[in-house]
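Take a look at this one; I'll ask things after.
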Amino acid sequence: MLKAAFNAVGCKLNQYEVQAITESLEPYGFQPVPFTEKADLYVINTCTVTGKADYTSRQMVRRALRKNPSARVIITGCYAELEPAKNEALSERVAVIGNSRKADIPRIVLNLFGIDNDGNLIGKPITRMNGHSRAFIKIQEGCREKCTYCIIWKARGRPISREPEEIVDEINALYENGYHEVVLTGVHIGRYKKGVDFTGLLKTVLQDTDMPRLRLSSLKPNEFKDKLIELIASESRICPHVHLPVQSGDDTILKSMGRKYKADSVGILADRLIEARLGITIGADIIVGFPGESDTNFENTVSLIKDNPIHHLHVFSYSDRPGTPASSFENKVSPEDKAKRSGRLRRIGNRKKKAHAQSFIGKHLDIIVEDRQRSGMLAGISGNYHKVEFAGDESLRKQHIHIDIDSYEKEALRGNPESIKQIKKG
Ligand code: SF4
């Protein structure tokens, strides 16, 4: 038995792909072990969305080489795709395999270890999500939008969507294995197209699977067509939670970013979603300090967040990505101003998140139980993406339950253990 350790830096798509590689290699004697353990093989799925992601990716490679200097180390993912030489330079023991050849990794590994390849390797569906109570499902990858700050379209290539049947089969396999939620993910899921579009795929999954919760990963504000909003409104199995990569609340900056929507359309969309679905949570990504962002531009972003029903924020400080148009834009914002602006937005975001969470005290939520906290409490995630902690025993792990909400403490809702009702399958 060979030991194999896997690590996904960055997005849910990277985590899905690592799971697929893990499950493809298991039948050939590769036993998955935690990344902190000594292994014969290490596979690192890298990320390059920010300079920090590059750094973390390199750190993972160095950690693997330190753990077992004679191990085989496979570096793949977006950083490997765009900076193969920098990765190869990390050690002669690494093999750098870009995104375009990622599906080939299991075959390459068998070759490296001199193991016969019976040809049953490619395109295996995942059946579980190691270390997770909710599973991520890749529905597409790639993008052709070319936003001026982004390098992912270059790392991931043109959009490719998976067959709906493949996705349905995978979701049914996960349901059989006790999963109650899947997160539909990709690079640009709003551009899903394979006979049907994204809304069509959702309808197919709702019809052909019994998965209780379908969560949508990021969707651009201009990709919420009426039929999608109607489906979110009418289908309780679609989680009442959306995440919008808004990026800025100022039209001049949005134009300079190459984003194809206006700031006021975000507020209009948020109001429509609130009206359409009771208890929905709306999250947003914001990039602060984009080149040319003045105090006035930034204040427009602050107003957009303050004046609209946006309930939590992911705030990113702009960082140059080599090879992007924005990296050569003038009027770069100082690190001090970036720090000040992101600090202020995070405080606003935290206040809004707390207020939205507290609005569920006295109500009940459905949650999927995930893990035990240091406090000894169990914790789970609600359909509308709030963390709920409660006293409970191990048998509740991974279970889908209803629970009454008593209070809000230490950035989490508190559930009443007496009120727990398990949500039965089917
Ligand atoms: S939509 Fe824009 S930000 Fe998103 S992956 Fe495509 S190019 Fe990058």
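Look through segment 124-146, keep the residues that are open to solvent by less than 10 Å² (accessible area, probe 1.4 Å) and assigned to a loop (DSSP other than H, G, I, E, B), and return whichever of them is nearest to the ligand (Cβ to nearest atom).
Going residue by residue through segment 124-146, those that are open to solvent by less than 10 Å² (accessible area, probe 1.4 Å) are 126, 129, 135, 137, 139-140, 142.
Still in the list and also assigned to a loop (DSSP other than H, G, I, E, B): 126, 129, 139, 142.
Details: I126: 23, M129: 23, I139: 14, G142: 8 Å.
For segment 124-146, the residue satisfying everything is G142.
Can you tell me which residue is farthest from the ligand (Cβ to nearest atom) among those in segment 147-167 that are in a helix (DSSP H, G or I) and crowded, with 18+ Cβ neighbours inside 10 Å?
This residue is P164.
I'd like to check which helices (runs of 4 or more DSSP H) are fully inside segment 193-289 and have at least 3 residues that are in the same structural domain as A173 (by TED's automatic domain parsing) and more than 15 Å from the ligand (Cβ to nearest atom).
On the way: elements: 198-208, 226-234, 251-257, 263-276.
Per the criteria, 198-208, 226-234, 263-276.
What's the number of the condition V187 fails, among (1) more than 14 Å from the chain's Cα centre (by Cα); (2) open to solvent by 10 Å² or more (accessible area, probe 1.4 Å); (3) within 21 Å of F224 (Cα to Cα)?
It is condition (1) that V187 fails.
Examine segment 310-321 for a residue that is in the same structural domain as L273 (by TED's automatic domain parsing) and farther than 20 Å from A284 by Cβ, and state whether such a residue exists.
So the first thing to find is which residues in segment 310-321 are in the same structural domain as L273 (by TED's automatic domain parsing), and the list is 310-321.
Applying the additional criterion that residues be farther than 20 Å from A284 by Cβ yields 320-321.
Scanning segment 310-321 turns up at least one residue that is in the same structural domain as L273 (by TED's automatic domain parsing) and farther than 20 Å from A284 by Cβ.
Against the condition crowded, with 20+ Cβ neighbours inside 10 Å, assigned to a loop (DSSP other than H, G, I, E, B) and not assigned by TED's automatic domain parsing to the domain that holds P240, how does G392 come out, does it pass? Outline the logic, then answer.
Details: crowded, with 20+ Cβ neighbours inside 10 Å: yes; assigned to a loop (DSSP other than H, G, I, E, B): yes; not assigned by TED's automatic domain parsing to the domain that holds P240: yes.
For G392, the condition - crowded, with 20+ Cβ neighbours inside 10 Å, assigned to a loop (DSSP other than H, G, I, E, B) and not assigned by TED's automatic domain parsing to the domain that holds P240 - is met.
Name the pairs whose Cβ atoms lie under 8 Å apart, with the first residue in segment 89-117 and at negative phi, the second modelled with pLDDT under 90 and polar (S, T, N, Q), and 6 or more positions between them or separate chains?
V94/N87; V96/N87; R107/N117; L110/N117; N111/N117
Of the numbered conditions (1) free of Cβ contacts under 8 Å to residues at least 40 places away in the same chain; (2) of a type in the set (A, V, I, L, M, F, W, C); (3) open to solvent by less than 20 Å² (accessible area, probe 1.4 Å); (4) in the same structural domain as T301 (by TED's automatic domain parsing), L345 fails exactly one; give the number of that condition.
Every condition holds for L345 apart from (1).
Limited to segment 1-52, what total is found for residues that are open to solvent by less than 50 Å² (accessible area, probe 1.4 Å) and more than 25 Å from the chain's Cα centre (by Cα)? Before the answer, list the steps.
Narrowing segment 1-52 to residues open to solvent by less than 50 Å² (accessible area, probe 1.4 Å): 2, 4-10, 13-25, 28-30, 32-33, 35, 39, 41-48, 50-51.
With the extra rule that they be more than 25 Å from the chain's Cα centre (by Cα), the set shrinks to 2, 28-30, 39, 41.
Total meeting the criteria: 6.
The values are calculated or read from the model by the stated rules, or taken from the named source; none is laboratory data. Remember, predicted model here, so these are calculated numbers, not experimental data. Positions of Cβ are generated from backbone atoms using ideal geometry, with glycine treated the same way; all protein chains shown enter the neighbour counts. Heavy atoms of the whole protein, side chains included, go into the accessibility calculation; ligands, DNA and RNA do not. Shrake-Rupley method; radii C 1.70, N 1.55, O 1.52, S 1.80 Å.
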